[in-house]
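Quick note: the coordinates plus some simple rules give every number you see, no bench work behind them. This one's a predicted model, so the numbers in the text were calculated from it and none came from an experiment. Reconstructed Cβ throughout: ideal geometry from the backbone, glycine too, with neighbour counts over all protein chains shown.
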Amino acid sequence: MRRYVFYGTLLLIACGLIQAAPQPAVVQRPGQWTLETRFEQPQQLALPYGVNGETRFWYMILTVTNRTGQDVDFRPRCELMTNTFQIIPAGVGVPSVVFEKIKERHQSRYPLLEPLGKVESRLVRSASKAKIEGAENLLLQGEDNARDIAVIWPDFDSKATAFKIFVSGLSNEVAVVNHPTAIDPNDGKPIRVYLQKTLQLDYTLRGDPAIKSAVELVYKGKSWIMR
C-alpha cells in the first residue's frame, strides 16, 4: 500500500492534478485523531571520516504527545525530499554512532531521546505483546508519555537548494482516490491510492548548497497534506 501512496502522489504532482487531491479535514470525524507534534529545526552533524575527510548527516528532533483522549497506534515514518527529487527515508545508511553523538549533544534537554528506528522496533514488539494480551494501546495519553525522537538522514544532493520533510503516522485520517493512469489488470479499474494525513515541513538553503557547512537553513512553514 505504501508503494501506491508514494508513486501515486508523485504522479498526481507530475500530471498537474495535485489541486484535485483530497485535503485533511478541517474538523475531524468521530474516531479520527491527530497527535500533537513539536519539532526542532533540522541541524547538521559531521563526523571526521569518509571520502572527503568527513561524513555529514542531517537530523531533527520530534516530540510527540498524545492528547487525543484515547491511547493510539503510533507508527511514525519520515522522509526527506529535495527539490532535485531525491527522496531519503530517515535512518537508512545511518550508523548508530550518529545517534549517540546527537544524544550527547542534546542530553540536558532530551534525556530520554531515542532514534526513530528504535521507536519502530519497540512498537513492533509492543504490537506483538498487545496481540497476546488482548490490549490495543501503544502510545498512551498525556505529557508523561510523550516521546522525544531523533530523525536522521545522510547528507543529500549537493545541487539541492530546498527540501521538504514528510512525517506520517501522526494521524489515522486517510483518503482513497483513483490513480490517474494505472489500471488494475485483474478488473480493469483504476488502482486505488491510499493517502494518509501527513505533516509537511518546508525549507530552503541560503548560500552555496555544495558547501553544506556554510549554508543557512531557512524555515518556510508547515502544513498538513494527504500523501
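Take each peptide in 102-111, 22-31, 89-98, count the other Cβ atoms within 10 Å of every residue, and average; sorted highest first, the result is 89-98, 102-111, 22-31. Subtracting the Cα-Cα distance of ILE211 and ASN52 from their residue separation scaled by 0.36 nm leaves 56.0 nm.
Beyond 20 Å in Cα-Cα separation lie the following of the pairs LYS118/LYS222; LYS164/LYS212; LYS159/LYS212; LYS103/LYS159; LYS164/LYS222: LYS118/LYS222; LYS103/LYS159. Relative to the current alpha-carbon distance between GLU143 and VAL97, full extension at 0.36 nm per residue lengthens the span by 13.7 nm.
Net charge of the neighbourhood of THR63, taken over other residues with C-beta under 14 Å away and scored Lys/Arg +1, Asp/Glu -1, is -2.
As a proxy for reagent exposure, LYS101, LYS159, LYS197 were ordered by neighbouring Cβ count within 10 angstrom, fewest first; the result is LYS159, LYS101, LYS197.
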